[in-house]
Amino acid sequence: MEAVDLLVAYLEQINVEFVFGVPGGAIEPLYNALARSARRGGPRPVVARHETGAAFMADGYARETGRIGVCCATSGPGATNLITGVACAYENGIPMLVITGQPSLHLLGRGAMQESAGMGGIDTVAMFRTCTCYSALVSHPDQLERQLTNALLAAYQPTPGPVHLSIPVDVQRSLMKSGPAYDLAHLLLQPSAVDDAAVRKLQAQLAQAQRVVVLIGSGCGEAIDLVIELVERIGAVFVVTPDAKGFISPRHPSYRGVFGFAGHTSADAAMGDKGVDLILAVGTDMGEFTSNGWDESLLNNRLVHIDSCEMHLTRSPMARLHVRGRVRLVLERVLRTLRKDGTKEISVGEKRRFRNISVDEPFKSASAGAPIKPQYLMHELGWRSPPDTRFLVDTGNSIAWAIHHLGMHDHQASAGGWMRVTMNFAPMGWAIGGAVGTALGNRAVPVVCITGDGSLLMNGQEMTVALTEKLCVVFVVLNDAALGMVKHGQRLAGAEQVGVELPKVDFRLLAESMGIPGHVIRTAEDFDNLDLDAILRHPGPTVLDVRIDKEEVPPMGLRIKILGAVK
C-alpha cells in the first residue's frame, strides 16, 4: 500500500469517519487514498469551500463525537488558511489531526510552487508549532507510523489539542511493506493519574465547609453528572462559565446563572457572597471571559481549582488548593467517600442559608410590528427547539445574546453540551463550519447555528457543504447591517463610529441562489408564525434572515471594561 493508505488505515482504526479539507496538487495522493477508502465504506473526504471552514468542521465533529477531528490542505496557502481554525482548536482544547502537503523532497529549496517547508522561504511547520501540541515534517516514509503515533498521543496528553504533520507528495506516494503495526486505539486510552493527596485535602475541606459555590467550566463535559451529584450532596449552588452553559439544565434549582462574559447578576451575587467559605472551580481555564475578567470574588483564598491542565492551574496561584487530574476521576474519588460516609443529597428546601436568586433577567418583548428583539428571538428559539438540539453560537453579538438569554426547556445531556461557543481565540464564522461538522457527527439531532451577518459574509459559503451532505442545519442570521459588537462597543466606549457598516443583504435570496430555502423574519409575529418544527425536520439546511432591532445593546459590558474603555 501507499503511505497515504497506511495513514487512512490508522484513521479507520480510531473510528474517524471524515477528513475535512480542500484538495490540491501536494495533497492529491491523500485524496486518492480517501477515494479508495470511501468505496469500501471507510473514512471519506468532505470538501469544504475554504480551508478555515474545514478546520472549523473538524472542530465541530470532535466536540459532537468525542473522536479526533481530521482536516487537511495542500501546501503553502492551503496550509496557512487552516491556521485560524487550528489556533481556535488549540485555545479551546479540541483534539485535531492536521495534515498538509509539501512538494517532493528533491524540490525543496528550489522555489517549487507553494513550497512551505522553510528552506529559504515560508515555513508552515514552524507556523503550526505555535498553535499545535506537535508539528513535524515527515521527511521519509519510514517515519510515518512513528510520527503519526507521536502526533496522536500529543493530541490527547497531557491535555487535548491539535497536532500537525506536513508530508511531501513523494513521501505520500511511497510504497509501504506492510499495514498498520500499532494498536493506536489502545495507545490513545487516557491516563488515569490523579493527585490523591490533593483529593484527600479537598475531601477534608468539603467536610468543614458550610456554604459552597461550584463554578462549572468547559472541562466538565465528561463528568457533568458527577458535578451535579456533588452539588446536590453538599447542598451547594452552582454557576457556569459561558462555554459550559450547555452542560446543564438552566432550570436546575441550584443554578445561579452564567459567571463571566454576558453573564447574570445572580451569578455575580452568588460568587461574591461573603458568607461563602469555599468556591470549587472545576475544569475552567481562568481566562478573561470565564473568570469574569479575573474577578476578585473568584481569585482569592476561598478557591479550590480542579483541572487536568497545568496551564490552567498556573492562572490561579492564589487558590488554597489545586487538584490535578481528569475531572471525572477526581470527582469519582470525592463522591466515593461522600457516599461511603452516608452523606445524603440535600433537598432544595434544606439548602443552607442561600436565598433563591432569579437567573433570567427580564427582556423586552417586541411590540406588534416592531423589529424583533434579539432577547425575544433567543428565548423563543430555545423554547421551541427539541431538547436534543445542538446550538453553535458565533463570536459577535450572537454570543452575548445567547449566553445571556438562550435556554432549553428540557435539554438532553450530551458530552458536548446543547450550546457550544468558543472562548479566548473566538474567530468569527467558527459556528458555521462547526455546525456542519456537528451535523455530520450526529445526523439524528437538529443543529442550529446562531451567527451574524458579518460572520456569514466571511464564511457563509460553507452552508453549501450542509446542502451537499443533506444535513439538517438551521442558520439563524442576526442581520443588523453592521459589525454589531464593534458598533455597540464603540458607542459604549465613546469612540469614533468607524468601520462597522455592512451592506443590507437579503440572506434569503443569497440562500436561495445556493439552492437552500430561506425565510426573512422582521417581527416577533413573523417568528411566531414560522413552522420551526418542520424546518428542524427538513433533510437539509435552512437560512433564517432575522432583521433584529439594531439599537438593542448586547450584554457586553465586561469586554468594554477589560479593554480599558470604561473604568
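Numbers at a glance
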| read-out | value |
| --- | --- |
| Rel. contact order, % - alpha carbon contacts under 8 angstrom, at least six apart, the chain | 13 |
| Three-way shape call for the stretch 196-350 based on the alpha-carbon gyration tensor, with the a/c threshold at 1.5 | rounded |
| The chain - mean residue ellipticity at 222 nm from DSSP helices (-39,500 (n - 2.57) per run, n ≥ 4, rounded to 500) | -10500 deg cm²/dmol |
| Efficiency of FRET between Thr265 and Glu525 - r from beta-carbon atoms, R0 35 angstrom, step 0.05 | 0.70 |
| Table column - 3J(HN,Hα) (Hz), the stretch 283-294, Karplus curve with 6.51, -1.76, 1.60, x for Gly and Pro | x, 10, 8, 6, x, 4, 6, 8, 10, 6, x, 6 |
| Rounded to 5, the percent of DSSP beta bridges in the chain classed as antiparallel | 5 |
| Using θ = phi - 60° and Karplus 6.51 cos²θ - 1.76 cosθ + 1.60, couplings along the stretch 312-318 (whole Hz; Gly, Pro as x) | 5, 5, 5, 8, 10, x, 7 |
| Relative packing of peptides 314-324, 22-32, 192-202 - highest average C-beta neighbours within 10 Å first | 22-32, 314-324, 192-202 |
| Chain lengthening between Phe425 and Thr468 when straightened (0.36 nm per residue, less Cα-Cα) | 12.6 nm |
| Total charge dipole magnitude, the stretch 79-191, about the Cα centre, Cβ charges on Lys, Arg, Asp, Glu only, Debye to nearest 20 | 100 |
| Theoretical gain in end-to-end length, Gln203 to Lys177 [0.36 nm per residue, Cα-Cα removed] | 3.9 nm |
| Protection-proxy order for peptides 421-431, 396-406, each taking the mean of Cβ atoms within 10 Å per residue, highest first | 396-406, 421-431 |
| Inter-probe distance in nm under a simple model that places probes 7 Å from Cα toward Cβ, at Glu501 and Glu310 | 5.3 |
| Theoretical gain in end-to-end length, Leu184 to His538 [0.36 nm per residue, Cα-Cα removed] | 123.6 nm |
| When each of Lys274/Lys561; Lys245/Lys470; Lys274/Lys340; Lys373/Lys487; Lys504/Lys561 is checked by Cα-Cα distance, pairs over 26 Å | Lys245/Lys470; Lys274/Lys340; Lys504/Lys561 |
| Sites Lys274 and Ser192 - FRET efficiency at Förster radius 45 Å, r taken between beta-carbons, to 0.05 | 0.70 |
| Long-range HN-HN contacts of Cys72 with modeled amide H, under 5 Å | Phe20, Gly21, Val22, Ile99 |
| Highest to lowest packing among 438-447, 230-239, 329-338, scored as the average C-beta count within 10 Å | 230-239, 438-447, 329-338 |
| FRET efficiency for Arg491 and Arg129, using Cβ-Cβ distance with R0 set to 45 Å, rounded to 0.05 | 0.65 |
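No lab work stands behind these numbers, since they all come straight from the coordinates. The structure displayed is predicted, hence computed values, not measured ones. Counting neighbours? That spans all protein chains shown, and the Cβs are built from the backbone with ideal geometry, glycine included.
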